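Some notes on the structure that comes next.
The values are calculated or read from the model by the stated rules, or taken from the named source; none is laboratory data. Predicted, not measured: the structure shown is a model, and the values here were computed from it. Using ideal geometry, Cβ is built from the backbone for each residue, glycine included, and neighbour counts are taken over all protein chains shown. The area values use the complete protein model at the heavy-atom level, side chains included, leaving out ligands, DNA and RNA. Shrake-Rupley method; radii C 1.70, N 1.55, O 1.52, S 1.80 Å.
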Amino acid sequence: MAHLNQRRSQNVNGDFYVDTTCIDCDTCRWMTPEVFSRVDEQSAVYHQPTNDTERLAALEALLACPTSSIGTVEKPKDIKDAQQQFPILVAENVYHCGYHSEKSYGAASYLIQLPEGNILVDSPRFTPPLVKRLEELGPIRYMYLTHKDDVADHQKFAEHFQCDRILHADDITADTRNVEIQLTSSEPFTLTPDLLIIPVPGHTKGQTVLLYQNKFLFTGDHLAWSEGLHQLAAFHDFCWYSWSEQTKSMRNLANYSFEWVLPGHGRRFHADRETMRQQMHKCIELMESLN
């Protein structure tokens, strides 16, 4: 829980606030930009909700915050309304799970709802309200993990839902040694006719991305929209394996067609395929300039 005695002075007066435990993960700012902004390298409330829609969105950000750094002065009687919103629909049968985990430094995770069994993409926090909602949406068949950084509570989800986890062998650690499906190839792996796992070493050696229906690309920490650069970009300062390999991986990824970039860290991006193609080439040009 956030603590009122740790309320940041940069918050405007009112019910909602961010305290000093904020880790600057950006979750609340991209989820609810009408309420939260970045001030002095942490989040703060710059505009108090003035209607039910803004209040619900602010409560969703409160629940998603990985460090429970968002609080309200008055105990929110409508918190259950916000809990019922998760997972939040992104488009079609793809959802944002919310409930980000500090273990993954606040990375986003997603759910693909499928008749043959749902797929969790990376791990949110294992928390009862979310688990109940996920149960209501149907059985989970796979838990696909993009890379070793964003696995969070994978073990609890695997045990509860009896789902098979998928992670590339190059990113297996002591914590993930029991993952059921460990990919070993550097070539794309067809999970189902609509789901393709593409190895993209760079951020980590075993980083992969998941392409669903040639439309939704779940990118982990490989690729995201940069608000500062106003284009698709990779994280040069957070490349743990090889920037040259990540650049090569990005060139390969540009050969695929998709309309959504859904990252773990960074902002989402949605565009038509031609705009996405142009953005990918801008990203590669920027990466090459940093090699």
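Observations, loosely collected:
- Any chance residue 137 is surrounded by fewer than 19 Cβ atoms within 10 Å (Cβ to Cβ), of a type outside the set (Ser, Thr, Tyr) and within 20 Å of the chain's Cα centre (by Cα): yes
- Any hit, the range 101-109, residues being open to solvent by less than 60 Å² (accessible area, probe 1.4 Å), over 26 Å from residue 250 (Cα atoms) and under 16 Å from the mean Cα position of the chain (by Cα): yes
- Residue count, the range 140-176 (criterion: aliphatic (A, V, I, L, M), in a loop (DSSP other than H, G, I, E, B) and surrounded by fewer than 19 Cβ atoms within 10 Å (Cβ to Cβ)): 1
- Once the range 32-41 is narrowed to residues that are of a type outside the set (Val, Ile, Thr) and farther than 23 Å from residue 96 by Cα, the residue that is surrounded by the most Cβ atoms within 10 Å (Cβ to Cβ) is 40.
- Scanning the range 22-46 for residues that are touching a helix residue (DSSP H, G or I) at 6+ places or on another chain (Cβ under 8 Å), in a loop (DSSP other than H, G, I, E, B) and either without any contact (Cβ under 8 Å) to a residue 40 or more places away in the chain or not β-branched (Val, Ile, Thr) (or both) turns up 32, 34, 35.
- Pairs where the first residue, in the range 1-21, is among the small types (Gly, Ala, Ser) and the second is part of a loop (DSSP other than H, G, I, E, B) and open to solvent by less than 10 Å² (accessible area, probe 1.4 Å), C-beta under 7 Å, 6+ apart: 2/69
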